[in-house]
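Data block below; observations after.
The values are calculated or read from the model by the stated rules, or taken from the named source; none is laboratory data. These figures come from a predicted structure and were not determined experimentally. Please note: Cβ atoms are built from the backbone with ideal geometry, for glycine as well, and neighbour counts cover all protein chains shown.
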Amino acid sequence: MNQSLLSFDHVNKFYGPVLGLSDFSLEFTGGVVGLLGRNGAGKTTFIRLASGLCEPDLGTVRVMGEEPRHSTGIRAQIGVCLELDHFYESMTGFNWVKLMAQFSGLGGAEARAASEKMIELVGMSEKRKKRISSYSKGMRQRIKLAAALVHDPAILLLDEPLTGLDPVGRYEMVELIQELGEAGRGVLVSSHVLSEVEMMTDQLFLIHQGRLMAEGSVEQIRDQMDDQPRQVLIHCEQAQELAEELLHQAGIDGIQLGEN
Amino acid sequence: MSWLRDTYLVFRQGFWSLLRAKSTWLVFAFGLLYVLVVAISMAKVGDRMDQNRLFAQVTLAVFITIVVPLLTTYIGVASVRDEISQGTILHLLVRPVPRSAIWLGKYLSAWLVSLILISIPFGLALVVAQALAPQAGFGRAFLLRSQWPFLQVLIYGPLVYPAIGLFFGLRFRWSMVWALAFILIWEEFVSVTPSGSGARTLTISDSMRTLMYQFSAEGSSLKSMLSRFDLKKGTVEVPPASSARIMLAWFFFLALILANWSGARREFLSAEKET
């Protein structure tokens, strides 16, 4: 049995009256897994709890058996790529990655070498001496990923890593994430777009309104969803007639006609 | 050792960030108003009154009462406020760096920047005063003990006020408003309440004035001015320097402990939510 890299055990998280996560439990053992859910479903709260940025109100979050909020040692095993798009803008990409390497415990020469390597890995070698303020959205995403990887973490948490990337950038990022997973790293990628996640992996955690709705492969989740009621939108010329016909069919709970 | 290393890294990064920030130089420009006031005063009324007394008066009213508290508290708040509002602090918080090392590093950077930013206007004011009133001997006086009372402010101001600014920056969302309220209500208003009430001894300004008084030469114009703050039925009652130092140490440690406590408890949200 695989040892759990990340576990959430009946976690509840509230922001005042707003629900973040509710009775949320999962085990993540490795590979590339997508964290899929609509905006506001709780994906970022999940990443924040897993990276130790905040504490659960109830329940426990453990990374390799330790609580990330209270263990600086275990945070050295986590690489986080936040959705946030702010940096120390006057720094060069290289200096930023090097600083993050130093904050992760690497010494001067070690940090420099690791930064060079990771910047090359994300394809930013040519632009590494440019200021971050001059970077495009795609470059910023890449440099964030290099900073997340620079200390060779065992688990990687990526919050919406494809946001703002052009099609070529997306393709390259997806390839890179797949390679990281194949290299034995645990990678959790959050997204609200199923097609994006499917490009990287077929393993999913499906989050809705702060709860873990389903987990497994896309096929398994679709099978689980067969038991759940679904809304289907149909555009047609003779909506009234179709509605009358459908009402006589089994398995139809209700019909709503639109204005057009 | 790694805690010290982390503190140093945060300090180094924070120091350059503060120096690169436009707002730092805006408040520095505000500090230069003191030099302007010294220049105008010396040029306008310097020939009609004792220049040393005039310099002490302007320094007490403008530099010590307004410039030092506002500028150094602002730098303390700014050392964390921008990082919190932009969310860049999250990049540090997800790293294996203890929060206490982050806050101490930020404090040290605010201390050094404050020290530099208030030393420049004071030095410039002495140069300007010397140029406009060479007979008063400000150039010589700077090297002599007569300027030592003012140096107390340069030493203790950047130590204590940024610690309070850091606490406001970490504790409150509207940190600058809280800091301004603290300076205007507590430091400016309470510090001039009657000495009998005892409340004034709980202000930083009062402790610094006490130290300045203790280190002023007997019969100097600065000493006679400072004594007005503590006159009670014609008798000068000034607390000893030791009690002023203890009070400043209390402020310093209490502010740092509260800042660390606030920073340890606070959950930092994304940039948009913080702003």
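Listed here are the residues, each with its yes/no results for (1) within 26 Å of residue B:96 (Cα to Cα); (2) outside any helix (DSSP H, G or I).
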residue	(1), (2)
A:141	yes, no
A:144	yes, no
A:157	yes, yes
A:163	no, yes
A:176	yes, no
A:189	yes, yes
A:195	no, no
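Residue-by-condition table, conditions (1) more than 20 Å from residue B:10 (Cβ to Cβ); (2) away from chain B (no Cβ under 14 Å); (3) not charged (D, E, K, R):
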position: A:48; (1), (2), (3): yes, no, no
position: A:53; (1), (2), (3): no, no, yes
position: A:60; (1), (2), (3): yes, yes, yes
position: A:64; (1), (2), (3): yes, no, yes
position: A:117; (1), (2), (3): yes, yes, no
position: A:127; (1), (2), (3): yes, yes, no
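Can you name the residue in segment B:1-43 that is outside any helix (DSSP H, G or I) and either within 11 Å of another protein chain (Cβ to nearest Cβ) or under 20 Å from residue B:92 (Cβ atoms) (or both) and, of all such residues, is modelled with the lowest pLDDT?
Among those that are outside any helix (DSSP H, G or I) and either within 11 Å of another protein chain (Cβ to nearest Cβ) or under 20 Å from residue B:92 (Cβ atoms) (or both), it is B:1.
If you go through segment A:43-51 one residue at a time, do you hit one that is surrounded by fewer than 17 Cβ atoms within 10 Å (Cβ to Cβ) and of a type outside the set (Asp, Glu)?
no
Which of the residues spanning segment A:27-39 are within 17 Å of residue A:82 (Cβ to Cβ) and either within 14 Å of another protein chain (Cβ to nearest Cβ) or surrounded by fewer than 17 Cβ atoms within 10 Å (Cβ to Cβ) (or both)?
Scanning segment A:27-39 gives a single hit, A:39.
Just for segment A:93-106: of the residues that are free of Cβ contacts under 8 Å to residues at least 40 places away in the same chain and closer than 16 Å to residue A:73 by Cα, which one is farthest from the other protein chains (Cβ to nearest Cβ)?
The qualifying residue farthest from the other protein chains (Cβ to nearest Cβ) is A:102.
Tell me the residue from A:177, A:119 that is among the β-branched types (Val, Ile, Thr) and touching a residue at least 40 places away in the same chain (Cβ under 8 Å), please.
Checking each option against the conditions leaves just A:177.
Quick check on my filter: what residues within segment B:53-98 are within 21 Å of residue B:158 (Cβ to Cβ), within 14 Å of another protein chain (Cβ to nearest Cβ) and surrounded by fewer than 22 Cβ atoms within 10 Å (Cβ to Cβ)?
Matches in segment B:53-98: B:82 only.
Just to verify a result, which residue in segment B:99-114, among those that are under 17 Å from the mean Cα position of the chain (by Cα) and closer than 15 Å to residue B:175 by Cβ, is nearest to the other protein chains (Cβ to nearest Cβ)?
Among them, the one singled out is B:106.
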